[in-house]
Amino acid sequence: MLKKIARILWKDILTEFRTREMFSAMFVFALLMVVVFNFAFENAPRDSILQAAPGLLWVAFTFAGILGLNRSNAIERENMSMQALMLAPIDRGAVYLGKMLANFLFMWISELLIIPIFAVLYNYSFTAHFWPFLLILVLGTLGFSAVGTIFSGIAVNTKMRDVMLPILFLPVVVPVVIGAVETSIRVLAGEPLRGMTDWLKILVVFDVIFITVSFLVFEYVLEE
Amino acid sequence: MFHKISNLLFFPLILLFPFSLYMVFVYAPEEATMGIIQKIFYYHVSAGWVFMLAFGLVLIGSIGYLVTQRRSWDSFAASSAELGVVFCTISLTTGPLWAKPVWGIWWTWDARLTSTLVEWLIYVAYLMLRAYVPEPTKRANLSAVFGILGALDVPIVYFSIRWWRTQHPAPVMGGGGYLDPQMRVAFFVCLATFTLLYFFLLGLRMKINEAEDEIGSLKRLAGSQA
């Protein structure tokens with residue numbers, strides 16, 4: 001099972017290395033959002049921008065993530081590779097987990113690259129509290145990819161492909177967005193992680209529930 | 001089958017609706033501070049209860065479909081989602097109508113209001129998903145998957161929003177406050193009326209789905225013979 005998951009993950013990493021579709025889409029889009037935020041909040045006092053910074057980052061990550069996730073299943077549609085995946089003697093759940101991990105990895109890496117750029121552009125420092133922030137980044141991004149991988153599989157089957165994913169995705173990831181923003185604000189303000197175990201629990205519970213259930217029902221999404 | 005029973009609800013409903021209005025406006029006393037505005041509570045909370053019931057049954061229908069692959073379960077889930085959105089919309093519109101004169105604002109990002117809005121968005125997404133998948137089996141499978149994941153999300157949404165807004169006062173209504181016995185009776189009449197209305201409409205909607213399916217297959221049959 002683990003080997004099969006790793007195979008799918010490796011296949012996606014290889015495809016990504018050759019096409020660079022998901023990563024470049026997410027990275028450039030997130031960067032653009034960070035730049036546009038600057039104009040949107042031009043008249044806001046600097047203090048309030050700094051307070052809103054974790055929120056801005058998560059908004060950029062969410063929307064950039066949607067863009068990347070849309071590609072994750074659309075790419076399988078081309079050259080009928082979806083059919084090849086379905087013919088492969090692999091449990092459909094393993095396909096889900098492999099793709100989910102791949103999506104997580106691509107999203108997470110582009111987020112890690114956006115953070116220093118954000119720090120430079122907004123004179124914002126992440127260094128003091130980087131490790132706890134990194135943990136939140138992992139938990140939040142895992143939630144996004146857990147939901148996003150299965151929903152992008154649903155969305156490619158509809159007539160409105162690209163539009164459908166954000167409509168399905170955004171209301172469902174509300175708990176992740178709230179939890180990630182809430183904990184990021186506190187962590188970056190110097191609060192220790194011990195004080196926010198409730199929020200970390202919500203993020204973990206969300207990740208566990210959605211990964212498990214998606215694993216179980218993914219076969220119905222992949223069906224032709 | 002189900003609609004034959006639910007159709008019988010038509011007759012009690014014809015009587016119950018005027019009766020519920022009588023209970024609300026004549027029988028139940030006027031609330032001391034809010035006055036006539038409080039009357040909206042009877043339908044508002046009843047609609048709120050029905051949409052929660054309806055969304056809960058979407059989950060049951062979705063699981064039922066994935067397990068049995070029977071079309072009637074899919075029709076059940078879809079009809080319940082439609083009705084849930086209608087009743088949720090009633091709840092979301094009567095709420096601000098009450099809040100404006102009492103709280104002085106139409107809307108506040110309070111836990112219950114926000115989670116209701118998010119739930120509404122989830123089930124609107126569910127209906128949109130259905131609208132954009134033309135092939136019936138595929139539509140049933142995909143929407144069942146979304147129906148299950150969306151329903152699992154509802155409690156998580158609720159708790160996360162509650163913690164997010166803990167500093168805010170608890171919602172005025174449904175806070176376990178004391179309700180005048182006469183008001184309570186009027187409220188339960190409305191609750192029963194709305195619940196029966198839901199089941200009546202559910203049967204009707206499922207019957208329409210059945211007819212649509214039949215017309216679809218007849219059309220295909222006619223097309224293949226022509």
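The values are calculated or read from the model by the stated rules, or taken from the named source; none is laboratory data. Given the structure is predicted, the values throughout are model-derived calculations rather than measurements. As a convention, Cβ positions derive from the backbone with ideal geometry for all residues, glycine included, and neighbour counts pool all protein chains shown. To get the accessible areas, we keep the full protein, side chains included, count just its heavy atoms, and leave off ligands, DNA and RNA. Shrake-Rupley method; radii C 1.70, N 1.55, O 1.52, S 1.80 Å.
Just one of the listed residues (A:LEU134, A:LEU142, A:LEU170) is assigned to a helix (DSSP H, G or I), facing chain B (nearest Cβ under 10 Å) and within 23 Å of A:ILE114 (Cβ to Cβ), namely A:LEU170.
Restricting attention to segment A:5-63, the residues being open to solvent by 80 Å² or more (accessible area, probe 1.4 Å), farther than 25 Å from A:VAL174 by Cβ and among the hydrophobic types (A, V, I, L, M, F, W, C) number 3.
Here A:THR158 meets the list (1) touching a residue at least 12 places away in the same chain (Cβ under 8 Å); (2) touching a Leu at 6+ places or on another chain (Cβ under 9 Å); (3) within 18 Å of B:VAL124 (Cα to Cα) almost entirely, failing just condition (1).
Would you confirm whether or not segment A:180-190 contains a residue that is closer than 23 Å to A:LYS99 by Cα and either in contact with a helix residue (DSSP H, G or I) (Cβ under 7 Å, 6 or more places away or on another chain) or crowded, with 22+ Cβ neighbours inside 10 Å (or both)? There is at least one residue in segment A:180-190 that is closer than 23 Å to A:LYS99 by Cα and either in contact with a helix residue (DSSP H, G or I) (Cβ under 7 Å, 6 or more places away or on another chain) or crowded, with 22+ Cβ neighbours inside 10 Å (or both). Of all residues assigned to segment A:186-200, none qualifies as being facing chain B (nearest Cβ under 9 Å), touching a residue at least 24 places away in the same chain (Cβ under 8 Å) and outside any loop (DSSP other than H, G, I, E, B). Checking A:ALA84 against (1) free of Cβ contacts under 8 Å to residues at least 24 places away in the same chain; (2) exposed (fewer than 15 other Cβ atoms within 10 Å of the Cβ); (3) closer than 20 Å to A:ALA119 by Cβ: exactly one of these is not met. Which one? So the condition that A:ALA84 fails would be (3). Set side by side, the residues B:ARG112, B:ARG162 differ, and just one is open to solvent by 60 Å² or more (accessible area, probe 1.4 Å), at pLDDT below 95, over 26 Å from A:ASP162 (Cα atoms) and more than 12 Å from chain A (Cβ to nearest Cβ), which is B:ARG112.
Restricting attention to segment B:15-51, the residues that are in contact with a helix residue (DSSP H, G or I) (Cβ under 6 Å, 6 or more places away or on another chain), of a type in the set (Phe, Trp, Tyr) and open to solvent by less than 40 Å² (accessible area, probe 1.4 Å) total 2. Filtering segment B:120-157 to residues that are more than 8 Å from chain A (Cβ to nearest Cβ), at pLDDT below 95, over 15 Å from B:ALA77 (Cα atoms) and part of a helix (DSSP H, G or I) leaves B:VAL154, B:PRO155. Against the criterion of being touching a Leu at 6+ places or on another chain (Cβ under 7 Å) and surrounded by fewer than 17 Cβ atoms within 10 Å (Cβ to Cβ), B:PRO12 qualifies.
Cβ-Cβ distances below 6 Å connect the following pairs, each with a first residue in segment B:52-81 that is open to solvent by 40 Å² or more (accessible area, probe 1.4 Å), a second residue that is assigned to a helix (DSSP H, G or I), and a separation of six or more residues or different chains: B:LEU59/B:ALA151; B:TRP73/B:GLY61; B:TRP73/B:GLY64; B:TRP73/B:TYR65.
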